[in-house]
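Enquirer: The following block contains the structure, expressed as structure tokens.
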Ligand code: 1GP
């Protein structure tokens, strides 16, 4: 498979919008992989992300192997911890939590991951991860013991994303948190996008086609949706119908 990052850049240069379905191994029953992935394949999804804040050892490796039996879509790791790294995937988002000031999640876990990564042929994509408040405490907040950035101070969010780019990161992931009550506003997304030359990922709390389109129209190049599919797989059918009518 070609470089996942290059494919993302190529798609963006053609004006294509990308959608990742996020599967959290901790919340997903392995027996439903086949039926779930059939729906992913039929939808407008372009990527499958696998990861979660708290995942048992080996669960990611087992799940990724199973998913691969049913799809040709690229599988990208979105890990909450080093234990979730597996070379069965096509790429790894090497996430640095730029919104927090916990050195473990800024650089510590990354150092821990190196000995594992050096034995693998896994594409590593440096990603600045920015958690923004959503009105309720999220799993990322609890696990990393960091505070999300307030929505009101948009310039601080923009500067944080820009700092990630200046540090050489290849992607910025703006995150409202899994299951967020409200997705990120168009203003936050568009202000950040205006300042960036690298691709922008947006996720958290997107549950409808209208919200998905808002994120795309505001400048998100890749949108991540997890909870909406976990809660109601008929969202896939909605997306498929929408794809046919686009
Ligand atoms: C979570 O951004 C992802 O890290 C997806 O969020 O589960 O709310 O779709 P949802």
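Enquirer: Considering (1) closer than 28 Å to residue 107 by Cβ; (2) surrounded by fewer than 16 Cβ atoms within 10 Å (Cβ to Cβ); (3) within 16 Å of the ligand (Cβ to nearest atom); (4) without any contact (Cβ under 8 Å) to a residue 40 or more places away in the chain, say which one residue 200 fails and leave the rest.
Expert: It is condition (2) that residue 200 fails.
Enquirer: Test residue 25 against the stated conditions and say whether it is part of a loop (DSSP other than H, G, I, E, B), closer than 20 Å to residue 172 by Cβ, within 16 Å of the ligand (Cβ to nearest atom) and in contact with a helix residue (DSSP H, G or I) (Cβ under 9 Å, 6 or more places away or on another chain).
Expert: Here the answer is no, as residue 25 does not meet what is asked.
Enquirer: Okay, next question. Condition test on residue 39, is it under 18 Å from the mean Cα position of the chain (by Cα), touching a residue at least 12 places away in the same chain (Cβ under 8 Å) and over 16 Å from residue 89 (Cβ atoms)?
Expert: Answer is no for this residue.
Enquirer: Whether any residue in the range 17-24 is over 21 Å from residue 236 (Cα atoms), in contact with a strand residue (DSSP E or B) (Cβ under 9 Å, 6 or more places away or on another chain) and touching a residue at least 24 places away in the same chain (Cβ under 8 Å) is what I want to check.
Expert: No, the range 17-24 contains no residue that is over 21 Å from residue 236 (Cα atoms), in contact with a strand residue (DSSP E or B) (Cβ under 9 Å, 6 or more places away or on another chain) and touching a residue at least 24 places away in the same chain (Cβ under 8 Å).
Enquirer: Among the residues of the range 164-181, which ones are buried (at least 16 other Cβ atoms within 10 Å of the Cβ) and within 16 Å of the ligand (Cβ to nearest atom)?
Expert: Listed by number, the residues that qualify are 171, 172, 173, 174, 175, 176, 177, 178, 179, 180.
Enquirer: Also, quick follow-up: Which condition number does residue 30 fail, the rest of (1) at positive phi; (2) touching a helix residue (DSSP H, G or I) at 6+ places or on another chain (Cβ under 9 Å) being met?
Expert: Unmet for residue 30, out of (1) at positive phi; (2) touching a helix residue (DSSP H, G or I) at 6+ places or on another chain (Cβ under 9 Å): (1).
Enquirer: Which members of the range 127-162 meet the condition of being under 20 Å from residue 5 (Cβ atoms) and in contact with a strand residue (DSSP E or B) (Cβ under 8 Å, 6 or more places away or on another chain)?
Expert: 127, 128, 129, 130, 161
Enquirer: So residue 227 fits all but one of (1) surrounded by fewer than 22 Cβ atoms within 10 Å (Cβ to Cβ); (2) within 18 Å of residue 17 (Cα to Cα); (3) within 9 Å of the ligand (Cβ to nearest atom); what number is the exception?
Expert: (2)
Enquirer: Using the structure shown, decide if residue 212 is within 11 Å of the ligand (Cβ to nearest atom) and under 26 Å from residue 4 (Cα atoms).
Expert: yes
Bear in mind these aren't lab numbers, they're just calculated from the coordinates by the rules spelled out. Small disclaimer: the values here were computed from a predicted structure and weren't measured. A quick note on method: Cβ atoms are made from the backbone with ideal geometry, for glycine too, and the neighbour counts reach across all protein chains shown.
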